[in-house]
1. Just to be sure before I move on: is Ser127 touching a residue at least 24 places away in the same chain (Cβ under 8 Å), surrounded by 10 or more Cβ atoms within 10 Å (Cβ to Cβ) and among the polar types (S, T, N, Q) in the structure I sent?
2. Give the stretch 131-148 a look and list any residue that's surrounded by fewer than 14 Cβ atoms within 10 Å (Cβ to Cβ) and closer than 15 Å to Ser73 by Cα, or say none.
3. Which residue pairs have Cβ atoms closer than 6 Å, lie 6 or more positions apart in sequence or on different chains, and pair a first residue in the stretch 55-67 that is part of a strand (DSSP E or B) with a second residue that is basic (Lys, Arg) and at pLDDT 95 or above?
4. May I ask you to say which residue of Ala23, Ala70, Ala18 is surrounded by 18 or more Cβ atoms within 10 Å (Cβ to Cβ), in contact with a strand residue (DSSP E or B) (Cβ under 8 Å, 6 or more places away or on another chain), at negative phi and touching a residue at least 40 places away in the same chain (Cβ under 8 Å)?
5. Which ones in the stretch 93-104 are outside any helix (DSSP H, G or I) and surrounded by 10 or more Cβ atoms within 10 Å (Cβ to Cβ)?
6. Could you look through the stretch 1-52, keep only residues that are aliphatic (A, V, I, L, M) and in a loop (DSSP other than H, G, I, E, B), and pick out the one that is farthest from Phe135 (Cα to Cα)?
Amino acid sequence: MKSDNKLSSILHVILHLAEHHQAMTSETLALYLKTNPVVIRRMMAGLRQAGLVISVKGHGGGWTMAKPLAAISLQDVYQALGAPRLFAQGYRQEAPQCLIEQAVNASLDSAFAEAEQQLLRKFGNVSLADIAADFALRRQQHLATLDSPQQPPQE
């Protein structure tokens, strides 16, 4: 089963948008994901409706952040995307006649519901500023490795 990567993709786009501190077109944002601008517009529409981003049409227009990253949680973005299914696992049959399969489905229901609630709580505790800070640290470490002199191989 193919995984749903909308959340990961839109977070990628949002962080690029926030890094630029100016309006960016769907065409430009699409380059970061190597996708069609229509895909970006569809994903961003939910964020616009949730008040996380603003779009301006016309020359000089594009997408901008409506709120600071610290005011947006992973849960906010997840909800703005329409709360897509978190887990790819499902049932062999939705309404089985077999009592064993009914017991299996009930156990899975309970486990999935508990895991989903725990994951959503975690999403609520992570702001986009946290992710941006992690990115900044990774960039700094990467640049430091580029600046450090290369050691000759040991023989």
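The values are calculated or read from the model by the stated rules, or taken from the named source; none is laboratory data. In this text, all values refer to a predicted model and were calculated from it rather than measured experimentally. Reconstructed Cβ throughout: ideal geometry from the backbone, glycine too, with neighbour counts over all protein chains shown.
1. yes
2. Once the filter is applied, which keeps residues that are surrounded by fewer than 14 Cβ atoms within 10 Å (Cβ to Cβ) and closer than 15 Å to Ser73 by Cα, the stretch 131-148 yields Ala133, Asp134.
3. From residues that are part of a strand (DSSP E or B), the pairs are Ser55/Arg48.
4. Exactly one of Ala23, Ala70, Ala18 is surrounded by 18 or more Cβ atoms within 10 Å (Cβ to Cβ), in contact with a strand residue (DSSP E or B) (Cβ under 8 Å, 6 or more places away or on another chain), at negative phi and touching a residue at least 40 places away in the same chain (Cβ under 8 Å), namely Ala18.
5. Gln93, Pro96, Cys98
6. That would be Met1.
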